[in-house]
């Protein structure tokens, strides 16, 4: 059965940047069994209730500004799957969560940046699911738990965000600037909690982890992690999944690009 993944997607320019995280993602797709479809949860689609996109071909959303023109010309026209989208929405609804369908939206850069590195041919159907940042980590574990059965159907669940995400603290002059202690201490606390299955601590990370609010002034970029965690089996009355750190590096000083697999 496929693992679930949490990937840090970094800057929209990641496909063009000569950094370790880009090279890691380029090799990741080939290391996994090929999925029949992908369900992607990105930090960049935030809605009051869970939304599922249902399109035949995913438009590429350039949801950023001030970047080189070449970035706005990137297209990742992965097929969608209205059939899978309907299944996803049904699973979320059956879990007691509110859910809606979106017949227009495509893939934002939190989705297509890692996908174009992992699967450059854009030939695997992708369905995207939104986060609900006002509902916190526990809700997203529950959202992931609702999707867990998809792993048995050879669907790869990818959650895309950033292990740390304080954009005001970035060293924009040096892509490979060293990370400060407050970035390292937070990421290593998260790593220890994930590896040791401390689910209650993870859900309460903003109160327990060092420098939590400094690394995540808003926790939208960490919430996808909880979806991947839940989709691997975590949740009320269920044991924590096994966590494996697949990659760790830092870009721009303050963006930890850690990636995890859960099984």
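The values are calculated or read from the model by the stated rules, or taken from the named source; none is laboratory data. Remember, it's a predicted structure, so these values are computed and weren't measured experimentally. Cβ sites come from the backbone with ideal geometry, for glycine too, and all protein chains shown count toward neighbours.
Right, residue 132: modelled with pLDDT of 95 or more and over 26 Å from residue 192 (Cβ atoms) or not?
When the stated conditions are applied, residue 132 passes them.
From the list 217, 224, the lone residue that is under 20 Å from the mean Cα position of the chain (by Cα), surrounded by fewer than 16 Cβ atoms within 10 Å (Cβ to Cβ) and modelled with pLDDT of 95 or more is 217. Here the helices (runs of 4 or more DSSP H) wholly within segment 39-121 that include at least 1 residues being out of contact with any helix residue (DSSP H, G or I) (no Cβ under 7 Å at 6 or more places or on another chain) and free of Cβ contacts under 8 Å to residues at least 40 places away in the same chain are 69-72, 82-94.
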